[in-house]
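Presented below is the structure to which this report refers.
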Amino acid sequence: MAQALASVVAIPLALLPGSSWHLSLASTLIFPLVALVAWVPQLGMHSAPAIEPGSPSRRGRIWHSPLAWQVTGFLGLTSLVFYIIVGWLPAILVQAGYSAAAAGTLHGVAQLATAVPGLILGPMVRRMKDQRGIAIVVSLATCVALLGLWQLPSLAMVWVALFGFGAGAAFILGLTFVSLRTAHSQQAAALSGMAQCLGYTLAAAGPPLAGLAHDATGGWEVALVCCAVATVLMAVLGNFAGRASTI
């Protein structure tokens with residue numbers, strides 16, 4: 001919600017009479033300050049961590065598990081696609097003919113749509129026999145959204161909402177796989193470290209590479225097509241990572 005609101009109001013605030021980008025950027029400080037106020041009471045609450053049997057040698061087997069690599073690949077590709085599009089969506093829309101204000105609003109719609117799966121998907125996932133079907137569906141929905149932005153940008157409102165929902169759902173699944181595919185908390189911690197370390201490292205390279213592709217070609221077609229290909233790979237990995245099994 002905070003990300004969506006910041007995207008929507010950034011340009012209108014900057015265009016106010018006597019205003020500038022300094023006010024627009026400074027206004028976003030409200031969100032971390034509110035979060036800090038809400039978090040301060042938690043500092044006085046302490047609980048002892050649960051101790052479970054396990055050894056470093058057993059936790060090290062995570063790196064040799066095909067299922068662990070499938071979960072890591074799914075989360076990594078999801079992060080890669082998400083951060084490329086979130087980072088460059090306004091520029092993509094402006095080049096497609098939208099005004100900067102309209103691009104900011106659509107960027108906010110995409111961010112808001114990512115929150116919707118959290119309201120409906122979280123309680124559903126653990127009740128499913130397995131998560132293969134939902135992983136494939138949300139990956140391909142994200143693919144359709146990317147191809148729509150490439151081929152039919154006039155319907156950008158549809159595509160950004162679909163992208164937000166699909167990518168948000170894929171994120172939830174990727175993080176949920178960490179607990180569903182492990183047998184105990186120490187194993188889950190090891191898989192979480194592996195998946196997030198490698199996944200976010202891959203994701204961090206995405207926006208700069210997409211920018212370089214734009215500079216080399218003068219358009220966003222290469223970046224959008226590469227992201228669409230990545231979502232197909234997400235569907236393949238999700239089909240494996242979504243099986244009802246543990247490491």
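The residue of the range 214-236 that is nearest to Ser139 (Cα to Cα), among those that are surrounded by 15 or more Cβ atoms within 10 Å (Cβ to Cβ) and touching a Phe, Trp or Tyr at 6+ places or on another chain (Cβ under 8 Å), is Met234. Hey, any hits in the range 209-223 for a residue that's within 23 Å of Leu89 (Cα to Cα), assigned to a helix (DSSP H, G or I) and either polar (S, T, N, Q) or within 15 Å of the chain's Cα centre (by Cα) (or both)? Yes, the conditions are met somewhere in the range 209-223. Scanning the range 106-138 for residues that are of a type outside the set (Gly, Ala, Ser), modelled with pLDDT under 90 and not in a helix (DSSP H, G or I) gives Leu121, Arg126, Arg127, Met128, Lys129. Among residues of the range 237-247 being of a type in the set (A, V, I, L, M, F, W, C) and open to solvent by 10 Å² or more (accessible area, probe 1.4 Å), the one that is nearest to Ser139 (Cα to Cα) is Leu237.
Sort through Gly164, Gly199 and tell me the only one that's within 25 Å of Pro90 (Cβ to Cβ), touching a Gly at 6+ places or on another chain (Cβ under 6 Å) and either among the polar types (S, T, N, Q) or assigned to a helix (DSSP H, G or I) (or both). Before the answer, list the steps.
Values: Gly164 fails: touching a Gly at 6+ places or on another chain (Cβ under 6 Å).
Result of the check over Gly164, Gly199: Gly199.
The set of residues in the range 172-187 being part of a helix (DSSP H, G or I), surrounded by fewer than 20 Cβ atoms within 10 Å (Cβ to Cβ) and not aliphatic (A, V, I, L, M) consists of Thr176, Ser179, Ser185, Gln186. Evaluated against (1) closer than 16 Å to Val178 by Cβ; (2) at pLDDT below 95; (3) part of a helix (DSSP H, G or I), Gly60 falls short on exactly one condition, (1).
Could you please give the count of residues in the range 80-103 that are in a helix (DSSP H, G or I) and either crowded, with 24+ Cβ neighbours inside 10 Å or hydrophobic (A, V, I, L, M, F, W, C) (or both)? Write out each step before concluding.
Here is the first cut: in the range 80-103, the ones in a helix (DSSP H, G or I) are 80-95, 100-103.
If we keep only those that are either crowded, with 24+ Cβ neighbours inside 10 Å or hydrophobic (A, V, I, L, M, F, W, C) (or both) as well, we get 80-82, 84-86, 88-89, 91-94, 100-103.
Looking only at that region, the number is 16.
The values are calculated or read from the model by the stated rules, or taken from the named source; none is laboratory data. On a predicted model such as this, the values are computed, not experimentally measured, just so you know. Neighbour counts are summed over all protein chains in view; Cβ atoms, including those assigned to glycine, are modelled from backbone coordinates with ideal geometry. What goes into the accessible areas is simple: the full protein's heavy atoms, side chains included, and nothing from ligands, DNA or RNA. Shrake-Rupley method; radii C 1.70, N 1.55, O 1.52, S 1.80 Å.
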